[in-house]
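**Student:** This is the structure I want to talk about, given as structure tokens.
What follows is calculated from the coordinates using simple rules that are stated; it is not laboratory data. Because the structure is predicted, anything quoted here is derived from the model rather than measured. No Cβ is skipped: glycine too gets one built from the backbone with ideal geometry, and neighbour counts run over all protein chains shown.
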């Protein structure tokens, strides 16, 4: 068990990186607390796997350092870092039995045989593999193989962290849920730091206590699911988390206040805090936009029914504004007016948030927010 | 099964292939079968002899000796070429310009006509003027492949290794590069040694291509004719007279068509049997 600290970490796969785009990972400073369940979320190619491989030691960073419990491990090889890693495609040693597979990492480290046997039986029991211990690993199904991959990590009692690199990609949908619950259960049981890489927000938000969102080689935000939902640090987080994603609209200054297309908006930012930025953007979650008798006039473009809520696509000028309408509330036919919930709007300059955070509703009506997030998850789940 | 529509018209689609195979394989093979049960004294006069030639060939010392030499040669060649080919494939680079260079170098011997390979080694190994022969003699080795059986054998084996190891290399290399990177990463995290990686990842993943490599090399080396014929002509004495050289001597040298035909069929059945046994044995665990 260890706290993992990444200091000024940068990595490029090229020998002589020149421009910004040559860096797969652009300067990351991050601490993974001991025993945390983290999700590393981001779209494909954003540097998630690179970061994981740097932590496990499969890659050596171009710049910066990695510390486990304040001990510098930057130059230490993967096999000596005591990290377990589960890959996207299950890796099993075909010619070995399940038992031999599980014993393999211990045998390589010269652990005594009685100890190996004991650990293997324990782990097999935990992963429901007891019955297939003496069958050849080759014949197992994808989820069985992935359990073995996981088991080979868990069998070592001294692991600092377990890293998962999109481990459920090749697993059947109905087994994904089971395996994910198993992971949660194991996390509680072992208390090991777990870092779970995925591009699926449902997977990330259900697994993790804390989510790290990456975009284009950078960590754009790290926080609890609620924080990511309420105060996205970057427009990417706003788009990526939530279903549908956050509305991002061009901002303007109206009567020395923050506004949109001539209408003032209550935001946690005064116009004088913009520090002379040429342009800025407003972010508002579809959940916090409501139809009203007056406000921003819009045309209704499309209504999609996702079950518990309806998602309404509306248009003002050329901006698409999505509105989430709960069951039982009426939707105007062709044209309507929109109101933004006060102090739910965040402001962005060059994609990054400026001004204060949105007051967490969780402190007032935490339950409501959670249900809003889980609603988004359900709809994301049903959409995928 | 009864639910399936029977469409026998499809047979017409395979007809061209059937005709082609008939003319280039089945019909010639049948003439051999025809010869193997008859005796002829010329003038196209044939007498039926039953299985007499088969009995004669199977009991002849000459056949036993050629067969023994053949198995010994094939065995030696496989024992050298397969491990050597795998070792070279493991040492080959995985990316960069080196890959193309290695692949071209490896393919070169495979592109040279077989009789040219024989002729090259014939001159290369000549004790008085050949680079190899002269060097060996200058270094104090008594080497003369036209007179000493051991020298002749060593030369024939070296020539075959030079000519065909590349095939094993290319197959093994294809097998190795097809292994996903995840396996090697997982092995590093599991703390596996280089030997374990080879034993538990690379070798099992290469099993299929190596099976093909062994089969191809078994069949080709078992049928070897051109190269040793050009190099040693089967000599000195009969020491490098392998089955096919013996067969040609019998059929065209002595014009014993009946025994030669019987020997061809026995020869063919041995290759078929060994290949089938090997394939069944190695693949019995695959599902």
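**Student:** When Cβ neighbours within 10 Å are restricted to other protein chains, what is their mean count per residue of peptide A:104-116?
**Tutor:** For peptide A:104-116, the averaged partner shielding equals 2.
**Student:** Regarding the stretch A:244-354, what whole-number volume in Å³ per residue does the convex hull of its Cα atoms give?
**Tutor:** Convex hull of Cα atoms, per residue: 98 Å³.
**Student:** Please list, by residue number, everything in the stretch B:47-82 whose backbone N is under 11 Å from a paramagnetic label point 7 Å out along Cα→Cβ of residue B:274.
**Tutor:** Inside the label zone: B:67-78.
**Student:** Rounded, prolate or oblate, given the Cα gyration tensor of chain B, with a/c below 1.5 counting as rounded?
**Tutor:** Oblate shape, in that a/c is at least 1.5 and b/c is the bigger or equal ratio.
**Student:** Okay, moving on. Taking R0 as 51 Å, what's the FRET efficiency between residue A:142 and residue B:39 from their Cβ-Cβ distance, rounded to 0.05?
**Tutor:** 0.20
**Student:** Can you give me the three principal axis dimensions of the protein assembly as shown from its C-alpha atoms, in Å, biggest first?
**Tutor:** Principal axes ranked by extent give 118, 67, 53 Å for the Cα atoms.
**Student:** Would you mind putting A:212-224, B:40-52 in packing order, based on average other-beta-carbon counts within 10 Å, highest first?
**Tutor:** With the highest mean Cβ count within 10 Å placed first, the list reads A:212-224, B:40-52.
**Student:** Top mean-square fluctuation among A:242, A:351, A:139, Gaussian network model of chain A, C-alpha springs under 10 Å?
**Tutor:** A:139
**Student:** With springs only between Cα atoms under 10 Å, which of A:289, A:254, A:73 fluctuates most in a Gaussian network model of chain A?
**Tutor:** In the Gaussian network model the winner is A:254.
**Student:** Let me ask something else about it. Order of A:327-335, B:181-189, A:49-57 by packing, highest average Cβ count within 10 Å first?
**Tutor:** A:49-57, B:181-189, A:327-335
**Student:** Report relative contact order for chain A in percent, whole number only (criteria: Cα-Cα under 8 Å, sequence separation at least 6).
**Tutor:** Averaging sequence separation for qualifying contacts and normalising by length gives 15 percent for chain A.
**Student:** Hey, another quick one. Distance between Cα centroids, the stretch B:194-210 to the stretch B:234-287: provide it in whole Å.
**Tutor:** 32 Å
**Student:** If you take every DSSP beta bridge fully contained in chain A, what fraction is antiparallel? Give it as a percent rounded to 5.
**Tutor:** 75 percent
**Student:** Averaged over peptide B:189-199, how many Cβ atoms belonging to another chain are found within 10 Å of each residue's Cβ?
**Tutor:** Mean shielding by partner chains, rounded to a whole number: 6.
**Student:** Please tell me the relative contact order of the stretch B:11-162 in percent, rounded to the nearest whole number, where contacts are Cα pairs under 8 Å and at least six residues apart.
**Tutor:** Here the relative contact order equals 12 percent.
**Student:** Using 0.36 nm per residue of separation minus the Cα-Cα distance, give me the extension gain between residue A:294 and residue A:263 in nm, one decimal.
**Tutor:** Answer, rounded to one decimal: 10.0 nm.
**Student:** Next up: Antiparallel as a % of all DSSP beta bridges within the protein assembly as shown, to the nearest 5?
**Tutor:** Expressed as a percentage, antiparallel bridges in the protein assembly as shown total about 75.
**Student:** Turning to a different aspect of this structure: Add -39500 (n - 2.57) for each DSSP H run of 4 or more in chain A, then divide by its residues: what number comes out at 222 nm, to the nearest 500 deg cm²/dmol?
**Tutor:** -8500 deg cm²/dmol
**Student:** How far is the Cα center of the stretch B:108-170 from the Cα center of the stretch A:129-183, in Å?
**Tutor:** Each part's Cα centre sits 54 Å from the other's.
**Student:** Quick check: the angle from helix A:98-108's long axis to the longest principal axis of chain A, C-alpha only, nearest 10 degrees?
**Tutor:** 80 degrees
**Student:** Please compute the average number of Cβ atoms from other chains found within 10 Å of each residue's Cβ in peptide A:93-101.
**Tutor:** Other-chain Cβ atoms within 10 Å of each residue's Cβ, averaged: 3.
**Student:** Would you mind classifying the stretch B:1-129 by shape? Square roots of the alpha carbon gyration tensor eigenvalues, ordered a ≥ b ≥ c; an a/c under 1.5 is rounded, otherwise it is prolate if a/b is larger than b/c and oblate if not.
**Tutor:** Verdict is oblate for the stretch B:1-129.
**Student:** Then there's this: Give me the extension gain from residue B:226 to residue B:255: residue separation times 0.36 nm, minus the current Cα-Cα distance, reported in nm with one decimal.
**Tutor:** Taking 0.36 nm per residue and subtracting the Cα distance, the gain is 8.5 nm.
**Student:** Hey, another quick one. Got the relative contact order for the stretch A:64-141 handy, in percent, Cα pairs under 8 Å and 6 or more residues apart?
**Tutor:** Relative contact order of the stretch A:64-141: 34 percent.
**Student:** In deg cm²/dmol and to the nearest 500, what is the mean residue ellipticity at 222 nm of chain B if only DSSP H runs of at least 4 residues count, each as -39500 (n - 2.57), divided by the residue total?
**Tutor:** -21500 deg cm²/dmol
**Student:** Further question on the same structure: Note the angle between two axes, namely the Cα long axis of helix A:142-154 and the longest principal axis of the Cα atoms of chain A, as a number of degrees from 0 to 90, rounded to the nearest 10.
**Tutor:** Compared with the principal axis, the helix lies near 70 degrees.
**Student:** Only Cα pairs within less than 10 Å get springs; with that Gaussian network setup on chain B, which residue of B:68, B:233, B:191 has the largest fluctuation?
**Tutor:** Of the options given, B:191 has the highest mean-square fluctuation.
**Student:** Give me the angle, in degrees from 0 to 90, between the Cα long axis of helix A:113-126 and the longest principal axis of the Cα atoms of chain A, rounded to the nearest 10.
**Tutor:** Helix A:113-126 sits roughly 30 degrees off the main axis of chain A.
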